[in-house]
Amino acid sequence: MRGYISTRWGQLHYSRRGQGQQTFVLFHETPLRHDAFRRLIPLLEDDFQVVAFDTPGYGQSAPPPTLTTMEEYAATIAEGIDALGLDRMILFGVHTGASIAYAIASQLQERVDGLVVSGLPFYEDDVREARRVPPVPPVDDDGGHLLSVFHWEPDVYDAELRSRLVSGVYEHPDHAYAAFHAVYLFQPTKYLDQLTCPVLALSHAKDPVFSGDGRLVREIPRTRQIVVEADRLPLYWTQPAEIGGYLREFAAASGA
């Protein structure tokens, strides 16, 4: 089932599938949409309820009215979580989605039974402050702008997924990278004391933000990290069965 929820920023689009006593809520990377998890969700939905949101400004979700913070993204999506009546949940996020999941876990605390991240942008302050939101290349008559965006991601990214990234950029070129602004402002260290649930990092050594997962492990010693071997990224796309297995194990261990 797919639908829309009215929030402070307008309509928030979501997909809701499956059944079960436990719920996974999934958050995608920028500039993708909820169907980035199209290979993973079918591996979970027989035993879990699985909800995936389009981040505001991506897919079919309305954008924020201006550049804003990760805390505001999280608060807006939390309106959607409340509207769907989700009382207990495990959050899984990738890159921007990992920051969103982290922020929601710190805001909703007792309602979050676990947090799983893959490539959390947990930068040192000097790195974070130096980061800049990339411009969207202007459209060229020869299509060169598409190749420019296609090659912006590292070669380790799967070609089909990179094509989806290109599509995401030119679906909403005026705010395609707006969520990066919130990512670069976000300081996870401010919320370490508010992150009370079990944490799992599903990492890959060639992930562009692999170091962020490592910092999470250092800052929160109870975090378990699994470094997954794979020829291509992202893991939820190229290794869905393996990632689905780890999510199932984490849910069983959470005891929710």
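Please indicate, with yes or no, whether at least one residue in segment 154-171 is under 30 Å from F24 (Cα atoms), touching a Lys or Arg at 6+ places or on another chain (Cβ under 8 Å), modelled with pLDDT of 95 or more and in a helix (DSSP H, G or I). Yes, some residue in segment 154-171 is under 30 Å from F24 (Cα atoms), touching a Lys or Arg at 6+ places or on another chain (Cβ under 8 Å), modelled with pLDDT of 95 or more and in a helix (DSSP H, G or I). A single entry from A201, A251, A241, A230 fulfils the requirement of being over 15 Å from A103 (Cα atoms), part of a helix (DSSP H, G or I), touching a helix residue (DSSP H, G or I) at 6+ places or on another chain (Cβ under 8 Å) and at pLDDT 95 or above: A241. Within segment 102-121, the set of residues being touching a Lys or Arg at 6+ places or on another chain (Cβ under 9 Å), within 15 Å of S203 (Cβ to Cβ) and either without any contact (Cβ under 8 Å) to a residue 24 or more places away in the chain or of a type in the set (A, V, I, L, M) (or both) comprises just one member, L120. Could you please let me know if P173 is open to solvent by 60 Å² or more (accessible area, probe 1.4 Å) and either within 20 Å of G97 (Cα to Cα) or within 18 Å of the chain's Cα centre (by Cα) (or both)? The answer is yes for P173.
Suppose we keep only residues that are out of contact with any strand residue (DSSP E or B) (no Cβ under 9 Å at 6 or more places or on another chain) and not polar (S, T, N, Q) within segment 106-125. Which one would you say is nearest to V25 (Cα to Cα)? My answer is E110.
Here is a yes/no grid of residues against (1) closer than 30 Å to E249 by Cα; (2) of a type in the set (D, E):
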| site | (1), (2) |
| --- | --- |
| P135 | no, no |
| V149 | no, no |
| D155 | no, yes |
| R164 | yes, no |
| V183 | yes, no |
| C197 | yes, no |
| V209 | yes, no |
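So which residues in segment 122-153 are in contact (Cβ under 8 Å) with a residue 60 or more places away in the chain and assigned to a loop (DSSP other than H, G, I, E, B)? Selection gives F122, Y123, E124.
Could you tell me whether segment 46-55 includes any residue that is surrounded by fewer than 24 Cβ atoms within 10 Å (Cβ to Cβ), more than 15 Å from the chain's Cα centre (by Cα) and under 19 Å from V117 (Cβ atoms)? Yes, that holds for at least one residue. One residue stands out in segment 6-18 among those that are in contact (Cβ under 8 Å) with a residue 40 or more places away in the chain and within 17 Å of L91 (Cβ to Cβ): the one that is least open to solvent (accessible area, probe 1.4 Å), namely L12.
Here's the yes/no breakdown for (1) in contact with a strand residue (DSSP E or B) (Cβ under 9 Å, 6 or more places away or on another chain); (2) closer than 20 Å to Y184 by Cβ; (3) of a type outside the set (F, W, Y); (4) open to solvent by less than 30 Å² (accessible area, probe 1.4 Å):
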residue	(1), (2), (3), (4)
Q60	yes, no, yes, no
Y73	no, yes, no, yes
A83	yes, no, yes, no
F92	yes, no, no, yes
G97	yes, yes, yes, yes
I104	yes, yes, yes, yes
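Cβ separations smaller than 6 Å between residues 6+ apart or across chains give no pair from segment 25-52 residues that are without any contact (Cβ under 8 Å) to a residue 40 or more places away in the chain and under 28 Å from V136 (Cα atoms) to residues that are open to solvent by less than 20 Å² (accessible area, probe 1.4 Å) and of a type in the set (V, I, T). When restricted to residues that are under 20 Å from A251 (Cα atoms), open to solvent by 40 Å² or more (accessible area, probe 1.4 Å) and not basic (K, R), segment 19-42 contains 4.
Yes or no, residue by residue, for (1) touching a strand residue (DSSP E or B) at 6+ places or on another chain (Cβ under 6 Å); (2) open to solvent by 70 Å² or more (accessible area, probe 1.4 Å); (3) not aromatic (F, W, Y):
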position: H145; (1), (2), (3): no, no, yes
position: L161; (1), (2), (3): no, no, yes
position: Y184; (1), (2), (3): no, no, no
position: K190; (1), (2), (3): no, yes, yes
position: D193; (1), (2), (3): no, yes, yes
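The values are calculated or read from the model by the stated rules, or taken from the named source; none is laboratory data. Model, not experiment: these values are computed from the prediction. Cβ sites come from the backbone with ideal geometry, for glycine too, and all protein chains shown count toward neighbours. Protein only, heavy atoms only, side chains kept; ligands, DNA and RNA dropped before computing areas. Shrake-Rupley method; radii C 1.70, N 1.55, O 1.52, S 1.80 Å.
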